[in-house]
Amino acid sequence: MSDYILNSPNTFITDSLRGFVAAHPDIAWQSDPGFLHLRERNGDSTVALVSGGGSGHEPMHSGMIGAGMLDAACPGLVFTSPNALQIVGATRWADRGAGVLHIVKNYTGDVMNFRIARHLVRDDIETDHVIVSDDVASDSDTGPGRRGTGATILVEKICGAAAARGDGLATVAGIGRRVVDNARSISVAYHACTMPSESSPTFELDADEMEFGVGIHGEAGRERTTRVGARELVNRMVDPIVDALSLTHGEEVICLVNGLGAAHPLELDLVFGEVVADLDRRGIAIARPMVGTFVTALDMRGVSITLVRADDEILTLFDAPTTAPGWAASPSRSTAPLSDTTFAQPSDSADDGPENEWLTRFVGHVQDSIADLTELDQRAGDGDFGTNMEAALSHFSLPLRGSDSEVLSAISTSYLVRSGGTSGVIFGVLFRELSLAFADNDDFESAIREGSSRALAEIQDLGGAQVGDKTMVDALSPAVDALEDGEPLSAVGQKAADGAESTRDTTATKGRASYVGENARGVVDPGALVVSWLYQATTDNS
Ligand code: ADP
Ligand code: MG
């Protein structure tokens, strides 16, 4: 069974093109012989740009059709070059008297089909071509030479802008070749791609392996090796690019960090940050950053890095406007310096004053139980409860010191600021109400009674949970009842524990646990358990 959402692998490309054209009213499809083009032909007598190649690299090339970029693009089948007649059709359609430039990735099939197409139109149309060959991993003295990868869209952009400003065919082609000469890329994959018609990837990688120098058609790379941290990975990727371009201290580059299909935007940003740091150490400045998914290899999980040595003209053309839907409107600005993007930590320490025994007992109990709490939320919720408790309480060093009100306030702040999820805010409220009540009351029992009652009311107001909904309210509410009945603290702790235990037989209707339905039956609610530990800590002298 295919992993792709499709009707049939046979109609994957055509069905996708149908949606693409519908989504982009400026772009149209000519089914005979098969190419995409700007719906409105550019009226200027400027050089026209045609590109194309196998499908599976979207948004390249289809998404690069637009004013200021491509006039037309010829899609082949998945990873298969378009045929010469498609290219002839696109070339004839695009020409408006000033000639047509073909932008071709360096693969034998593409190069041959574009060449034949140029041959077939040579009596009527002036053409030229730029062959993009930027992949350092395929640099060798024998064979077809470097493959065309990420730099292709930069060539399309820069040539498109040169054509739009009225440069002649030879000039546009010359600028394109200058970009190619000054561009190098390398790609790495953590997971190979799978063809739409297949059920397994083109090659298998072990969980700890990566394919370094991978091609964008699922070709195996230069080296299969153990995965390393992003910093080292980026260093290993940038090295051969800088070498190949002989980039030196003081030079400027356009830097494209490109997702190969299944890399997450968080990963791409992370990689870009590492590239900035790496190039900074080498004294190379990024004149223009570009981070996103532009040149893919179907669903390959990986990333490519492309550097282009920049000069003023290249940057001006890079910055020129385009309507191409796949081109990210990049700011005409250089990279901002790396900044500190950690979250500020609140000052919520409880390490001053007399030892606070009962809250030390409580916090210690939670600190020792993170893994158990995680497991409970994994079985009955979404698995983050332990992490949330850890974020809130693990940084406290024991014993806690300070008055009840002070320590409760520190715990409350910590829950509200450091912890996420429902529990962060719910426990933040509980401890805040307790802290305020202890500030107003000298008597321990009165303070805990008033604070707990107010917290229960506020938490129920906030989240609407009733007893029986499988939340911390199932432990808090019986504790409040016992306190209001004047029962001793040991009985209060026991009622809270009984309440927590009662959640075992219920399913949740609040919080993320409510999405797991019946699966939560038989599992104690972790929030209720933590509440019961708090009340038990008031008397437990163990
Ligand atoms: P999330 O539901 O966002 O994953 P956490 O895992 O951080 O939240 O916390 C889950 C705990 O929050 C549950 O164990 C439950 O005790 C408590 N909880 C969830 N919803 C509510 C609510 N509406 N009122 C009170 N407590 C709730
Ligand atoms: Mg959760």
*Using the alpha-carbon atoms, what tilt in degrees (0 to 90, nearest 10) does helix 526-537 show relative to the longest principal axis of the chain?*
30
_Explain nothing, just the number: dipole magnitude of the chain about its Cα centre with +1 on each Lys and Arg Cβ and -1 on each Asp and Glu Cβ, in debye rounded to the nearest 20._
2720
*As a check on your grasp of the helix formula, calculate [θ] at 222 nm for the chain: sum -39500 (n - 2.57) over DSSP H runs of n ≥ 4, divide by the residue count, round to the nearest 500.*
-13500 deg cm²/dmol
*asked:* Compute the helix-to-body angle for 265-282: its Cα long axis versus the longest principal axis of the chain, expressed 0 to 90° and rounded to tens.
replied: 70
*Apply the Kirkwood formula to segment 316-412: the hydrodynamic radius equals the inverse of the mean of 1/r over all pairs of different alpha-carbon atoms; give it in Å with one decimal.*
17.4
*Could you tell me how many degrees, from 0 to 90 and to the nearest 10, lie between the Cα long axis of helix 84-94 and the main elongation axis, the longest principal axis, of the Cα atoms of the chain?*
90
*Just the Cα atoms of segment 402-445, one point each, no solvent: what log10 I(q)/I(0) does Debye give at q = 0.33 Å⁻¹?*
-1.05
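Counting only DSSP beta bridges with both residues in segment 97-255, tell me the antiparallel percent, nearest 5.
Expressed as a percentage, antiparallel bridges in segment 97-255 total about 45.
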*Would you mind finding the longest exposed-site-free stretch of the chain, with exposed chymotrypsin sites (Phe, Trp or Tyr not before Pro) meaning DSSP loop and at most 15 other Cβ atoms within 10 Å?*
5-342
*Convex hull (Cα only) mean projected area of the chain, reported in nm² to one decimal*: 30.6
*asked:* From the convex hull of the Cα coordinates of segment 116-244, what is the mean projected area in square nanometres?
replied: 11.0
*Go through 258, 217, 201 and say which Cα lies farthest out towards the positive end of the charge dipole of the chain; charges sit on Cβ, +1 for Lys and Arg, -1 for Asp and Glu.*
217
*DSSP-assigned coil residues among trypsin sites (Lys or Arg not before Pro) in segment 292-376, each with at most 13 further Cβ atoms within 10 Å*: 333
*For the chain, what is the percent of antiparallel DSSP beta bridges, rounded to the nearest 5?*
50
*Per 5 Å bin from zero, what fraction in whole % of the C-alpha pairs of segment 357-538 is there, up to the bin with the longest pair?*
1, 10, 18, 24, 23, 15, 7, 2, 0, 0
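Every read-out reported here was derived from the displayed coordinates using simple, explicitly stated rules and does not represent laboratory data. What you see is a predicted model, and the numbers here were worked out from it, not measured in a lab. As a convention, Cβ positions derive from the backbone with ideal geometry for all residues, glycine included, and neighbour counts pool all protein chains shown.
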